[in-house]
Protein chains: 2
Amino acid sequence: MKVLSKGTVYGLRALVYLATQKDRTGYVSIGEISEKLDISFHFLTKTFQMLTQKGILESYRGPSGGIALNKPAEQIFLFDIVKILEGDDFFDKCLLGLPGCGDFEPCPVHDFWKVAKAALKNEFEITSLAELGAKVTDERLRLSA
Amino acid sequence: MKVLSKGTVYGLRALVYLATQKDRTGYVSIGEISEKLDISFHFLTKTFQMLTQKGILESYRGPSGGIALNKPAEQIFLFDIVKILEGDDFFDKCLLGLPGCGDFEPCPVHDFWKVAKAALKNEFEITSLAELGAKVTDERLRLSA
DNA sequence: TTCTTTTGCGACTAAATACTCTTAAATCTT
DNA sequence: AAGATTTAAGAGTATTTAGTCGCAAAAGAA
Ligand code: SF4
Ligand code: SF4
């Protein structure tokens with residue numbers, strides 16, 4: 001039951017790392033994040049480019065450049081990141097792969113799935129990077145499942 | 001948010017089709033199912049082989065051979081099929097991809113995920129092929145999302 | 001200006017998933 | 001026995017996802 005792609009998980013872990021560095025001023029380089037979290041530099045770079053284009057991050061080139069959150073970590077939610085990295089339709093998918101997921105002739109799991117999806121969406125909407133950063137330790141960010 | 005692989009969804013649709021044919025005696029050929037549901041014959045075949053090996057289906061070769069449910073559709077649950085086709089660890093995966101998912105220093109979504117997973121698992125455990133077959137029409141089985 | 005640092009971006013490679021094809025084995029029909 | 005039907009099995013291909021590489025562009029430092 002893989003919910004998120006690798007790229008999304010990497011991006012998320014990286015953003016949480018950023019959130020834990022809030023006392024530092026200026027930019028954090030992708031190289032540092034890649035090294036600290038043991039994630040491929042170039043792979044991370046692509047993910048960050050997307051997040052920069054979508055306004056989650058601000059980037060700056062050159063010495064002592066890097067990336068930085070564009071908003072306080074309290075105002076960036078899992079929901080925003082996942083929608084960007086997994087696509088807008090992420091929370092609208094059907095469970096069994098039949099078409100519609102409308103209310104017309106639903107299969108037995110339809111209503112359940114509707115509720116489950118809504119719950120997941122809500123959880124993602126209320127969980128901020130700051131919250132994740134506060135609870136997740138450095139050690140746990142570094143290791144990957 | 002793709003939950004199940006294509007192979008699993010195909011298998012599920014095919015099994016539901018089988019469940020709707022319970023008045024027919026004997027075996028239903030893979031060719032017929034493949035044609036009726038517009039699923040690749042050989043791909044389906046592989047999935048069915050797995051289900052046969054694991055005791056969900058009974059198969060028989062030769063003219064008027066095919067496959068048949070090994071138990072009444074009322075006694076076959078989504079849970080059984082998904083565990084076979086997606087692997088035993090399907091319901092034990094972590095949401096954010098960090099290790100452990102133990103109760104030691106959980107991240108903010110850990111508890112939520114634990115509950116959500118349990119709910120999904122339970123739903124799959126109580127939903128039988130018969131139930132799915134009773135609610136899903138032929139038309140909806142045929143089309144894929 | 002020239003060199004270094006760092007992101008941006010596109011092409012390339014590898015691995016996993018999804019799908020196809022061929023042949024063998026079992027079973028029935030004639 | 002010979003041929004037809006149907007599943008079993010494994011190899012082969014295509015598409016998607018994951019990860020790598022190289023160089024251009026921006027910006028600071030010497
Ligand atoms: S009714 Fe069931 S199979 Fe159909 S779209 Fe909804 S969840 Fe999917
Ligand atoms: S605490 Fe969060 S990130 Fe860690 S294993 Fe549990 S759900 Fe995954």
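Some values worked out for this structure:
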{"quantity": "Criterion: modelled with pLDDT under 95 and charged (D, E, K, R) - qualifying residue of A:Asp103, A:Asp80", "calculated": "A:Asp103"}
{"quantity": "The range A:32-51, subset over 14 Å from A:Gly7 (Cβ atoms) and in contact with a Leu (Cβ under 9 Å, 6 or more places away or on another chain), residue farthest from DNA strand D (Cβ to nearest atom)", "calculated": "A:Lys36"}
{"quantity": "Enumeration of residues in the range B:1-17 that are farther than 14 Å from B:Leu69 by Cβ and either within 7 Å of DNA strand C (Cβ to nearest atom) or in a helix (DSSP H, G or I) (or both)", "calculated": "B:Ser5, B:Lys6, B:Gly7, B:Thr8, B:Val9, B:Tyr10, B:Arg13"}
{"quantity": "Single match in B:Val16, B:Val3 (criterion: of a type outside the set (Lys, Arg), in contact with a helix residue (DSSP H, G or I) (Cβ under 6 Å, 6 or more places away or on another chain) and either away from ligand 1 (no atom under 16 Å from the Cβ) or within 14 Å of chain A (Cβ to nearest Cβ) (or both))", "calculated": "B:Val16"}
{"quantity": "Residue in the range B:29-42 that is nearest to DNA strand C (Cβ to nearest atom), counting only those that are more than 14 Å from chain A (Cβ to nearest Cβ) and under 21 Å from B:Asp80 (Cβ atoms)", "calculated": "B:Ile30"}
{"quantity": "Meets criteria (closer than 30 Å to A:Leu78 by Cα and basic (Lys, Arg)) for B:Lys54", "calculated": "no"}
{"quantity": "Yes/no for A:Leu120 being within 25 Å of the chain's Cα centre (by Cα), at pLDDT below 90 and closer than 22 Å to A:Lys6 by Cβ", "calculated": "no"}
{"quantity": "Number of positions in the range A:64-100 that are among the basic types (Lys, Arg) and under 30 Å from B:Ala14 (Cα atoms)", "calculated": "1"}
{"quantity": "Filtered residue count, the range B:47-59, keeping only those that are surrounded by 14 or more Cβ atoms within 10 Å (Cβ to Cβ) and in a helix (DSSP H, G or I)", "calculated": "6"}
{"quantity": "Restricting the range A:106-126 to residues that are surrounded by fewer than 20 Cβ atoms within 10 Å (Cβ to Cβ) and farther than 20 Å from B:Ala118 by Cα, the residue that is nearest to DNA strand D (Cβ to nearest atom)", "calculated": "A:Glu125"}
{"quantity": "Condition check for B:Gly26: away from every other protein chain (no Cβ under 14 Å), surrounded by fewer than 16 Cβ atoms within 10 Å (Cβ to Cβ), more than 10 Å from DNA strand D (Cβ to nearest atom) and within 24 Å of B:Phe79 (Cα to Cα)", "calculated": "no"}
{"quantity": "Checking A:Ser40 against (1) polar (S, T, N, Q); (2) more than 16 Å from ligand 2 (Cβ to nearest atom); (3) more than 30 Å from B:Asp89 (Cα to Cα), the condition it does not meet", "calculated": "(3)"}
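The values are calculated or read from the model by the stated rules, or taken from the named source; none is laboratory data. As the structure is a prediction and not an experimental result, all values here were calculated from the model. FYI the Cβ positions are ideal-geometry reconstructions off the backbone, even for glycines, and counts take in every protein chain you see.
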